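**Student:** Below is a structure I'd like to ask you about.
Here, each number is a calculation from the coordinates, and none is a lab measurement. The structure displayed is predicted, hence computed values, not measured ones. All Cβ positions, even for glycine, are placed from backbone atoms using ideal geometry, and neighbour counts span all protein chains on display.
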Amino acid sequence: MNQSISLLRQSLNTASRRFHTTSSSLSSQRCRRQYSIHVDAANASKLAELDSRKLSITKTTTPKELLPAEELVFGRNFTDHMLSVEWTASEGWLAPRITPYQNLSLDPATCVFHYAFECFEGMKAYKDTTGNIRLFRPDKNMERFNKSSARIALPTFNSESLIDLIGQFCKLEERFIPSPRGYSLYLRPTMIGTQRTLGVGPPGSALLYVIASPVGPYYPTGFKAVSLEATDYAVRAWPGGVGDKKLGANYAPCIVPQMEAASRGFHQNLWLFGEEEYITEVGTMNLFVALKDKKTGQNELITAPLDGTILEGVTRDSVLGIARERLEPEGWKVTERKCTMKELAEAADEGRMLEVFGAGTAAVVSPVRKISWKGSTVECGLSEGTEAGPIAQRMKDWIEGIQYGEEPENPWSVKLN
Ligand SMILES: *Cc1c(COP(=O)(O)O)cnc(C)c1O
């Protein structure tokens with residue numbers, strides 16, 4: 001009992017320290033006070049922000065040999081270095097470091113191993129035809145990383161600083177970024193709680209690190225449409241849950257359903273939600289459906305709304321933005337709305353189904369051929385021998401065009417200088 005009260009007090013202290021950090025730094029920006037009656041707040045305001053100017057770099061003395069492009073397997077091989085920054089509740093962010101890629105050494109009681117204090121991001125660096133390195137909408141990844149971290153009581157950070165650090169890291173690893181279209185350097189920013197304690201409370205220390213893996217095209221020989229199993233016996237995310245955050249804890253529980261779908265010959269799960277059987281996401285991608293409206297016959301591109309059960313994909317947001325800009329003038333309706341499996345099956349039965357595709361950083365788009373639902377098969381508009389519909393194909397071309405700098409003025413592509 002005493003123990004749990006002291007734990008509670010400990011966590012309340014930390015929480016109020018953090019609250020004071022924000023409120024005091026806000027008020028000190030507005031007016032400089034002569035004195036403070038909040039002694040804690042005065043101390044807490046010394047917590048250091050993440051500062052990319054404090055970066056130190058230790059280069060490897062044993063550079064790795066580059067793999068031939070065709071041997072690259074997603075997430076298997078990593079570059080020479082890693083970027084890491086430690087955080088403590090008493091000091092804030094310590095000086096960022098780039099060091100040779102190396103193992104972490106953590107006490108077996110470290111909180112990440114017991115209570116899953118872990119969140120991550122997935123983004124890529126691209127090389128354009130003139131040799132510049134480019135990031136794609138990194139501000140979106142940083143915003144989401146901060147939201148994920150805050151949700152599990154890990155620290156937040158200044159987004160511009162981390163983008164700056166990631167930029168310097170990418171430049172150091174430049175030789176690992178293959179130039180051909182479809183190739184890139186996959187970046188994995190990760191945050192873990194590092195406090196050594198079995199007590200359940202906010203971690204008093206954390207480690208933010210970024211590792212990088214050169215990757216080839218998701219579809220080396222062109223699109224290959226996937227088949228899905230509509231999954232109703234397991235739920236990926238629910239209202240009030242954390243399915244909209246990129247927490248490691250969301251992914252492990254999806255592997256057994258994925259193996260079950262695979263054992264029946266399907267590539268991925270189509271996660272359904274609720275008695276209505278709303279379609280939510282496919283595997284670890286957002287889902288888009290293109291169909292003809294039952295009443296008006298208008299073409300409609302649909303994806304699920306961000307109601308807390310949907311991961312806020314950067315690709316999802318980009319597909320929506322481009323569709324509103326480039327498909328609406330062609331007469332398309334672009335909507336974020338709930339759509340049931342029944343509505344999908346009905347569109348397919350009535351010949352109104354145009355196409356279905358997943359959207360995510362790894363593949364950009366991933367066309368869907370069919371969905372198995374309650375023992376029947378819903379065909380998704382691809383004729384035999386066709387691996388992608390026109391919208392999926394055009395979206396991939398549009399988004400990759402921006403990622404590889406072919407629209408030089410497009411603000412989504414951030415050139416490192
Ligand atoms: C990462 C992820 C996505 C895609 O997000 P992008 O930012 O487009 O890569 C979609 N759904 C889930 C569950 C994810 O984890």
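**Student:** Can you pick out the pairs among LYS64/LYS124; LYS54/LYS171; LYS246/LYS415; LYS370/LYS396 whose Cα atoms lie more than 24 Å from each other?
**Tutor:** Cα-Cα > 24 Å for LYS246/LYS415; rest within.
**Student:** Moving on. Given springs between every Cα pair under 10 Å in a Gaussian network model of the chain, which of THR315, THR190, THR221 has the largest fluctuation?
**Tutor:** Ranking THR315, THR190, THR221 by mean-square fluctuation puts THR221 first.
**Student:** LYS294 to GLU384: FRET efficiency via 1/(1 + (r/R0)^6), r the Cβ-Cβ distance, R0 35 Å, to the nearest 0.05? List each step's numbers first, then the result.
**Tutor:** Working: r = 26 Å, r/R0 = 0.74.
Efficiency, rounded to the nearest 0.05: 0.85.
**Student:** What are the ³J(HN,Hα) values, in whole Hz, obtained from phi via the Karplus relation 6.51 cos²θ - 1.76 cosθ + 1.60 with θ = phi - 60°, for each residue of region 376-387 in sequence order, with x given for Gly and Pro?
**Tutor:** 10, 10, 9, 7, 9, x, 8, 6, 4, x, 9, 9
**Student:** Exposure proxy check: VAL73, VAL210, VAL242 ranked by fewest other beta carbons within 10 Å?
**Tutor:** Starting with the residue having the fewest Cβ neighbours, the order is VAL73, VAL242, VAL210.
**Student:** What order do you get for 64-72, 378-386 when each peptide is scored by the mean count of other beta carbon atoms within 10 Å, highest first?
**Tutor:** Highest mean packing first, the order is 378-386, 64-72.
**Student:** Same structure, new question: Considering the zone a paramagnetic label at HIS114 would reach in this model (a point 7 Å from Cα along the Cα-to-Cβ line), which residues of region 184-205 have amide N under 16 Å from it?
**Tutor:** 193-205
**Student:** Top mean-square fluctuation among THR130, THR156, THR309, Gaussian network model of the chain, C-alpha springs under 10 Å?
**Tutor:** Highest fluctuation among the options: THR130.
**Student:** For TRP238, TRP412, what ranking results if the residue with the fewest other Cβ atoms within 10 Å of its Cβ goes first?
**Tutor:** By the 10 Å Cβ count, ascending, the order reads TRP238, TRP412.
**Student:** Set the Förster radius R0 to 41 Å, insert the Cβ-Cβ distance between ARG196 and LEU306 as r into 1/(1 + (r/R0)^6), and round the FRET efficiency to 0.05.
**Tutor:** Efficiency for this residue pair is about 0.65.
**Student:** Under a 10 Å cutoff between Cα atoms, tell me which one of THR99, THR129, THR62 has the largest fluctuation in the Gaussian network model of the chain.
**Tutor:** THR62
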